[in-house]
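Structure, as structure tokens:
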Amino acid sequence: MVALNDEMKDMIDNSVSYIATVDHEGNPDIGPKMSMHVIDDTHIGYYERTAGQHYRNLQDNGRLIVMVVNPKEKKGYRFHGEVTLHQNDDVHEAAIAYADEHDIKHPVAVPVMEITGIDNLAPGAGAGKPIA
């Protein structure tokens with residue numbers, strides 16, 4: 001099992017994350033997700049509000065990579081995993097309640113990724129290499 005440590009959790013909860021997906025023809029798509037958050041030691045998720053290309057790609061194949069970096073400390077991580085799209089369930093309802101409390105747009109879905117791999121993105125010999 002691959003688990004997040006406290007440093008990773010803090011970085012995810014306090015930074016902008018970038019996600020990468022791929023469509024059914026193999027075309028990549030990358031973009032920021034401001035709502036990325038830690039769910040537990042092995043899962044992260046975000047609020048999908050646009051239902052755009054990333055959402056369609058996740059519907060097609062469920063594959064996701066999440067990158068988060070702290071440029072000041074020159075540290076970062078890349079998380080790999082498969083996504084479950086939550087709609088019309090308890091996870092989605094909690095996200096809608098959060099949106100209502102904070103006066104933001106309701107999410108169409110809540111993609112939750114089970115982390116299956118973590119890569120080091122700090123500069124040096126270990127850059128880009130798996131750490132878990």
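The values are calculated or read from the model by the stated rules, or taken from the named source; none is laboratory data. No experiment lies behind these values; they were computed from the predicted model shown. Cβ coordinates were reconstructed from backbone atoms using ideal geometry, including for glycine residues, and neighbour counts include every protein chain displayed. Just so you know, the surface numbers come from the protein's heavy atoms only, side chains and all, with ligands and any DNA or RNA stripped out. Shrake-Rupley method; radii C 1.70, N 1.55, O 1.52, S 1.80 Å.
Suppose the filter is closer than 16 Å to SER17 by Cα, of a type outside the set (Phe, Trp, Tyr), loosely packed, with under 14 Cβ neighbours inside 10 Å and at pLDDT 95 or above; does PRO71 pass it? It is false that PRO71 is closer than 16 Å to SER17 by Cα, of a type outside the set (Phe, Trp, Tyr), loosely packed, with under 14 Cβ neighbours inside 10 Å and at pLDDT 95 or above.
Residues in segment 47-66 that are crowded, with 18+ Cβ neighbours inside 10 Å and assigned to a strand (DSSP E or B) were compared, and the one that is farthest from the chain's Cα centre (by Cα) is GLU48. Pairs linking a residue in segment 115-132 that is assigned to a loop (DSSP other than H, G, I, E, B) to a residue that is acidic (Asp, Glu), with Cβ atoms under 7 Å and 6 or more positions apart or on different chains, are GLY128/ASP119; LYS129/ASP119; ILE131/ASP119.
Each residue in segment 78-94 was checked for being more than 20 Å from GLY62 (Cα to Cα) and in contact (Cβ under 8 Å) with a residue 40 or more places away in the chain, and 0 pass.
Taken over segment 76-98, the criterion of being open to solvent by 80 Å² or more (accessible area, probe 1.4 Å) and either aliphatic (A, V, I, L, M) or in a strand (DSSP E or B) (or both) is satisfied by GLU82 alone. Considering segment 99-113, and only residues there that are free of Cβ contacts under 8 Å to residues at least 12 places away in the same chain and in a helix (DSSP H, G or I), the residue that is surrounded by the most Cβ atoms within 10 Å (Cβ to Cβ) turns out to be ASP100. The C-beta contact set for segment 38-55 (first residue touching a residue at least 40 places away in the same chain (Cβ under 8 Å), second residue open to solvent by less than 50 Å² (accessible area, probe 1.4 Å) and part of a loop (DSSP other than H, G, I, E, B), distance under 7 angstrom, 6+ apart or interchain) comprises THR42/VAL2; ILE44/MET36; TYR46/SER35; TYR46/MET36; TYR47/SER35; TYR47/PRO107; GLU48/PRO107; ARG49/PRO107. Among the numbered conditions (1) open to solvent by 70 Å² or more (accessible area, probe 1.4 Å); (2) closer than 18 Å to GLY117 by Cα; (3) in contact with a strand residue (DSSP E or B) (Cβ under 6 Å, 6 or more places away or on another chain), the only one that SER17 does not meet is (1). With respect to the conditions (1) over 15 Å from HIS80 (Cα atoms); (2) open to solvent by 20 Å² or more (accessible area, probe 1.4 Å); (3) at pLDDT 95 or above, MET34 falls short on a single one, namely (3).
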